[in-house]
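Notes to accompany the following structure.
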Amino acid sequence: MSTARLQDKVAIVTGAASGFGRGIAERFAEEGCAVIVNDIARDAGERVAAAIRNRGGRARFAYGDVSKDADVAQLLAATLEQFGRLHIVVNNAGTTHRNQPLLDVGEDEFDRIYAVNVKSIYLTARHVVPYFRKAGGGVFVNVASTAGVRPRPGLVWYNGTKGAVIITSKGMAAELGPDGIRVNCINPVIGETGLLEQFMGLPDTPENRQKFLATIPLGRMSRPLDIANACLFLASDEAQFITGACLEVDGGRCV
């Protein structure tokens, strides 16, 4: 019988109370990983961690706003307190503005999108890289988006954040490689998550979905398990010689 792919590893998954993050946390736990389920949604996050434990996995919820330095510092401390080690950080937490003309997005909303989607990566690096250096290595998997590669109208500022995530991941990979720290990213296409209607800018009806599905050669939206399996590969030792890569999980959208 083969060994679980993340046996005895410890991971932080941000934004793990729902959507892609929940799928990633659950999939990692299935493969032997102890998971810190991070989110600002306490009740939902606690439920995800409890569900993982009920299936025989190891998981704990840790509250934290990834755009705040003190919260990210506490997230690392809570991880080490619970599990004693850290091997993997999945920067999945993200937000968006509603699909709308670029000039209709307010300044506060713009700032929040960049804080959650981009500053969070700066903050996790600031706190976790010193730990990974002392430990002799580690892995970051950053969840970007096809929006950072093939941007659509209506999501201009969100597109910009995801472009930043992609190039930041590559820069981190180049700088941190000598420390044994791998950094890769995932580009999901529009997915069946709680943010779907904001991305669409339209009610979630079969007719409106079809407008988006028509741009995806494989003919469906992404699902949490699609993203989770890609993250699992990049976080595992199977990808030990892969860093600075950006993997589209998009049904062919970016072709």
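Tally up the residues in region 168-191 that are surrounded by fewer than 15 Cβ atoms within 10 Å (Cβ to Cβ) and either closer than 21 Å to T95 by Cα or modelled with pLDDT under 95 (or both), please.
Count: 0.
Quick one: how many residues across region 55-79 are within 20 Å of R27 (Cβ to Cβ) and either touching a helix residue (DSSP H, G or I) at 6+ places or on another chain (Cβ under 6 Å) or among the polar types (S, T, N, Q) (or both)?
Going through region 55-79 one residue at a time, the tally reaches 6.
So which residues in region 89-125 are of a type in the set (A, V, I, L, M), in a loop (DSSP other than H, G, I, E, B) and more than 20 Å from the chain's Cα centre (by Cα), if there are any at all?
V105, the sole residue that qualifies.
For region 71-86, give me the residue count where each residue is within 14 Å of I40 (Cβ to Cβ) and either loosely packed, with under 15 Cβ neighbours inside 10 Å or touching a residue at least 24 places away in the same chain (Cβ under 8 Å) (or both).
Count: 2.
Within the group G19, G23, which residue is at positive phi and either touching a residue at least 60 places away in the same chain (Cβ under 8 Å) or surrounded by fewer than 24 Cβ atoms within 10 Å (Cβ to Cβ) (or both)?
G19 is the lone residue from the list that is at positive phi and either touching a residue at least 60 places away in the same chain (Cβ under 8 Å) or surrounded by fewer than 24 Cβ atoms within 10 Å (Cβ to Cβ) (or both).
Of everything in region 126-167, what is within 14 Å of the chain's Cα centre (by Cα) and among the hydroxyl-bearing types (S, T, Y)? Give them in sequence order.
Answer for region 126-167, where residues must be within 14 Å of the chain's Cα centre (by Cα) and among the hydroxyl-bearing types (S, T, Y): S145, T146, T161.
Would you be able to say whether some residue in region 87-102 is hydroxyl-bearing (S, T, Y), free of Cβ contacts under 8 Å to residues at least 40 places away in the same chain and either surrounded by fewer than 19 Cβ atoms within 10 Å (Cβ to Cβ) or over 20 Å from I166 (Cβ atoms) (or both)?
Scanning region 87-102, I find no residue that is hydroxyl-bearing (S, T, Y), free of Cβ contacts under 8 Å to residues at least 40 places away in the same chain and either surrounded by fewer than 19 Cβ atoms within 10 Å (Cβ to Cβ) or over 20 Å from I166 (Cβ atoms) (or both), so the answer is no.
Using the structure shown, decide if R53 is in contact (Cβ under 8 Å) with a residue 24 or more places away in the chain, surrounded by fewer than 24 Cβ atoms within 10 Å (Cβ to Cβ) and either under 21 Å from S222 (Cβ atoms) or of a type in the set (D, E, K, R) (or both).
no
Determine if region 135-145 includes at least one residue that is more than 18 Å from I24 (Cα to Cα) and of a type in the set (S, T, Y).
Within region 135-145, none of the residues are more than 18 Å from I24 (Cα to Cα) and of a type in the set (S, T, Y).
The values are calculated or read from the model by the stated rules, or taken from the named source; none is laboratory data. Note that the structure is a prediction, hence the values are computed from the model and not measured. Cβ coordinates were reconstructed from backbone atoms using ideal geometry, including for glycine residues, and neighbour counts include every protein chain displayed.
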